[in-house]
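Read through the structure below, which is laid out as structure tokens, and then see the notes.
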Amino acid sequence: MAKRDSVGKEFPGREWYVERGKIIEFAKSIRDLNPVYWDQEAAKRRGLADVVAPPTFVMCSGLQSPPGTRGMNVVEEAGFDQRRILHGEQEFEFFRPIVAGDVLNSSTRLADITEREGKRGGKMTMALTETVYTDKEGQTVMIVRNLLIERGVAPSAGG
Amino acid sequence: MTLASSAALEFSAIQVGDAAPEVRFPAITITDIVRYAGSSGDFTPLHHDPVYAQKAGYKDVFAMGMMTAGYLSKLVGDWFGPENIRRYKVRFTGQVYPGDTLICKGVVTGKREADGQKWVDAALEVVTAEGASVLAGEATAVAR
């Protein structure tokens, strides 16, 4: 059962190092070979300090968690059943480009929990989280919103 | 070529209704999914363990939604310049299975001036070669 009383709870993040090699690896994994993702000179010709991170690059930030630690588990806090979770929506808002060399801090807030009847029957529960990323100067550089859905029933085969 | 102009998105050159050059990817393989699992750190077994996926009621492993969102971002980056993207939103509408061919599309839905800057809005979608919708999205870029 989702716990509505966890709405508003804040989860502090760790420092996230935006690394050039990781950007190149990530860009290849999304089949995007744009030189601004791997060629420093191409990035500099476009006025960037270093190679730029693809829009969804922050998805890999959890890999930097130190060994033996667990990432913050917002959905567990909200009482969601991991086996029934689907990713509903994801939104990235940028206030400037994120480039290799950035060191960002973050804080995640469980913004909302809502329920509605699913199309295939069963109650769907949705959790919206909002993570704000700030740079060393304290400026907000990115806000990420994530909507997770807990299905009420198992999907039909092929669904 | 001036250095600044290569990075800028020309507001005057963009019209509402303009379509992005379509981006089509070869059929998705389990290897593509595993590569994205490694690069993103998403090791949810639904995406790489067929037995686990079938027990959960799916016909096979399927790609992470964010992998499809990553593929779609190539269209937006090639169109507007990655450094000009100020908003990127995706909504997942269907599963992507190994063997699916993804076709990414975009169309300009708005041009506006606000907060002393020029903005271009676009609607995005990813469909399979069979025409099934798997992702709907939106992007906003800063222009000059």
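Here, each number is a calculation from the coordinates, and none is a lab measurement. Bear in mind that the values here come from a model prediction, so they are computed numbers and not experimental data. Every residue, glycine among them, receives a Cβ derived from its backbone with ideal geometry; neighbour counts consider all protein chains shown.
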(message) Just to check I understand the Karplus step: with θ = phi - 60° and J = 6.51 cos²θ - 1.76 cosθ + 1.60, what whole-Hz values come out for region A:110-120, glycine and proline as x?
(response) 6, 7, 6, 10, 10, 10, 7, 6, x, 5, 9
(request) Express the relative contact order of region B:3-143 as a whole percentage, based on alpha carbon pairs under 8 Å and six or more residues apart in sequence. (result) 30 percent
(message) Modelling each spin label as a point 7 Å along the Cα-to-Cβ direction, I'd like the A:D112/B:R144 distance in nm, to one decimal.
(response) 3.7 nm
(request) For B:V107 and B:T29, calculate 0.36 nm times their separation in residues minus their Cα-Cα distance, and state this gained length in nm to one decimal. (result) 25.3 nm
(message) I'd like the Kirkwood hydrodynamic radius of the protein assembly as shown, using the inverse of the mean 1/r over distinct C-alpha pairs, in Å.
(response) 20.1 Å
(message) Please report the spacing between the Cα centers of region A:8-67 and region B:23-77 in Å, no decimals.
(response) 19 Å
(request) With +1 on each Lys and Arg Cβ and -1 on each Asp and Glu Cβ, and nothing else charged, work out how big the dipole of region A:93-139 is about its Cα centre, in Debye to the nearest 20. (result) 320 debye
(request) Relative to the longest principal axis of the C-alpha atoms of chain A, give the angle of the C-alpha long axis of helix A:20-29, reported between 0 and 90° and rounded to the nearest 10°. (result) 60 degrees
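Give me the dipole magnitude in Debye, nearest 20, for chain A about the Cα centre, with unit charges on the beta carbon: positive for Lys and Arg, negative for Asp and Glu.
440 debye
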(message) Can you give me the long-range amide H partners of B:A56? Hydrogens built in the peptide plane at 1.01 Å from N, cutoff under 5 Å, separation of 5 or more residues or another chain.
(response) none
(message) Projecting each Cα onto the charge dipole of chain B (Lys/Arg +1, Asp/Glu -1 at the beta carbon, about the Cα centre), which of B:A141, B:I30, B:P45 comes out farthest on the positive side?
(response) B:A141
(request) Calculate how steeply helix B:65-80 sits against the longest principal axis of the alpha-carbon atoms of chain B, using the helix alpha-carbon long axis, and give the answer as 0 to 90 degrees to the nearest 10. (result) 20 degrees
